[in-house]
1. Would you compute the Debye intensity of the chain from its alpha-carbon atoms alone, equal scatterers and no solvent, and pass along log10 I(q)/I(0) at q = 0.08, 0.10 Å⁻¹ to two decimals?
2. Could you state the angle between the C-alpha long axis of helix 190-204 and the longest principal axis of the C-alpha atoms of the chain, as a value from 0 to 90 degrees rounded to the nearest 10?
3. Could you tell me which of rounded, prolate or oblate describes region 91-159, using a ≥ b ≥ c as the square roots of the eigenvalues of the alpha-carbon gyration tensor, with rounded for a/c under 1.5 and, failing that, prolate when a/b is larger than b/c and oblate otherwise?
4. Quick one: give the max-minus-min coordinate of the C-alpha atoms of region 144-204 along each principal axis, largest first, in Å.
5. Once you place label points 7 Å from the Cα toward the Cβ at Ala124 and Lys185, how far apart are they in nm?
6. Can you tell me how much longer the chain between Arg73 and Arg141 gets when fully stretched, taken as 0.36 nm per residue apart minus their C-alpha distance, in nm with one decimal?
7. Asp83 to Glu172: extension gain in nm, 0.36 nm per residue of separation minus the Cα-Cα distance?
8. Work out from phi, with θ = phi - 60° and the Karplus expression 6.51 cos²θ - 1.76 cosθ + 1.60, the ³J(HN,Hα) of each residue of region 163-170, listed in order in whole Hz, and give x for Gly and Pro.
Amino acid sequence: MLHGNIGLLPALRVPMPRVLLVNDTDKPIAELRQALADAGCEVLSHVSTAGLLRAVQEQQPDVVILDVESPSRDTLEQLAIVDRQAPRPVVMFSADGDERLIREALGAGVAAYVVDGLAPGRLAPILRVAMARFEQQAHQRQRVDELEQRLQDRKDIERAKGLLMDRRGMAEAEAYAALRQQAMKQGLKLADVARRILAMADLLG
């Protein structure tokens, strides 16, 4: 069973990636390597979960594939660090179908958690789904970040405007016009000028 909202994704044609293969099982990986090669992937290396974080940092893979009996706490923590520092699609094949563990893995940045075994013939479509889902989530995160930045910009502009009104006795329209004039003069965004004024006010007390 594949967890990761597979049915909600469009059928996208995604170029096959450079793959970091992480394996903590006793299963031979020759067949998996061949399946990845047949799918057009380049296998960068094969490491254990203990070397996951370092391998991602050094090799910068496009996709990480894990084949584990059950993801350990350390593995999930490493994946969470990867997701924060350098997010990328992660596919996890596991024999453990515990719902709590699946939620934790998805929360740590796993794009697709597959609990019914690693079948080489299904690898290419699973990779495409994971990459598409990752791109979808990345766009959503970007939109959230942009909205949060706009809200912060608005707050800073309002604070700077209020500061000018309070300390220079300006009307609201005058304070806003003064901020705009400085932004145009310095070639900066209005919010950046506002933050400079606030920083100077904090410095001078």
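1. Rounded to two decimals, the profile gives -0.44, -0.57.
2. 70
3. Oblate shape, in that a/c is at least 1.5 and b/c is the bigger or equal ratio.
4. 37, 23, 22
5. 6.3
6. Stretched out fully, the Arg73 to Arg141 stretch lengthens by 22.0 nm.
7. Result for the pair: 27.7 nm of gain on full extension.
8. Calculated HN-Hα couplings, in order: 5, 5, 5, 6, 8, 10, x, 7 Hz.
Laboratory data are not the source of any read-out in this text; all were calculated from the coordinates shown. Note that the coordinates shown come from a computational prediction; the quantities given were computed from them, not determined experimentally. As a convention, Cβ positions derive from the backbone with ideal geometry for all residues, glycine included, and neighbour counts pool all protein chains shown.
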